[in-house]
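*Asks:* What follows is a single structure, and I will ask about it in a moment.
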Amino acid sequence: MEDANVVEANDGTISVASAFAGYQQAVQDRDHKFLTRAVEEAYRGVECGDGGPFGAVIVCDDEVVVSCHNMVLKHTDPTAHAEVTAIREACKKFNKIELSDCEIYASCEPCPMCFGAIHLSRIKRLVYGTKAEASIAIEFDDFFFSDTLRGTGFYQKAHLEIKMADDKRGHHNRAGIKVEILGNIKWID
């Protein structure tokens, strides 16, 4: 790597001229390589009729750990998105639920469920190919909640009622939570 040009301003602040263009290009090339693999996986899934046009690749130490596509139709499972499927397979492969040494490359911006799975598995980096709006345009509604989470609400689903339960005494915001421990049900207030 080339040396950085360090410049000290009159106010004492220091700025560093970008000396890492080569590094940035290498990261871009690497990202493109793995993202291309995720897109190829998406095509594979559509060709065999397993589900929607989405692919995901999990990488650890510059090696592909798993490469998966959407399996919603094949498994009759609405949670079998490419990213979730890839996370499940990677966890099985490593025999652990934390993938903090891994990165995930997804053909499209993950829906909230997939983003939640990425977060919970502690994957350190996410790179995706296109924004959720591209999927909405071809009538995949899994991304309506993305819009809601962003705060724009334009694509919110109107078919879902969300309500916090009242507790057994009718108190709102203090819902009693059933906790079953070894067959005993207890109320916690």
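The values are calculated or read from the model by the stated rules, or taken from the named source; none is laboratory data. Everything numeric here is computed off the predicted structure, so don't read it as measured data. Cβ sites come from the backbone with ideal geometry, for glycine too, and all protein chains shown count toward neighbours. Accessible surface areas use protein heavy atoms only, side chains included; no ligands, DNA or RNA. Shrake-Rupley method; radii C 1.70, N 1.55, O 1.52, S 1.80 Å.
*Asks:* Restricting to segment 85-118, what's the tally of residues that are free of Cβ contacts under 8 Å to residues at least 40 places away in the same chain, surrounded by fewer than 20 Cβ atoms within 10 Å (Cβ to Cβ) and of a type outside the set (Lys, Arg)?
*Replies:* Result for segment 85-118: 12.
*Asks:* Residues being farther than 15 Å from residue 59 by Cα and more than 9 Å from the chain's Cα centre (by Cα): count how many of those fall in segment 98-132. Let's see the steps before the verdict.
*Replies:* Step one: filter segment 98-132 for residues farther than 15 Å from residue 59 by Cα, giving 108-117, 119-120, 129-132.
Then keep just the ones that are more than 9 Å from the chain's Cα centre (by Cα); that gives 108, 120, 129-132.
Going through segment 98-132 one residue at a time, the tally reaches 6.
*Asks:* Here's another thing I want to ask about it. Check segment 20-30 and report whether any residue there is open to solvent by less than 20 Å² (accessible area, probe 1.4 Å) and either among the aromatic types (Phe, Trp, Tyr) or under 18 Å from the mean Cα position of the chain (by Cα) (or both). Step through it out loud before you land on a result.
*Replies:* The first filter runs over segment 20-30 and keeps only residues open to solvent by less than 20 Å² (accessible area, probe 1.4 Å), leaving none.
No - not one qualifying residue is present in segment 20-30.
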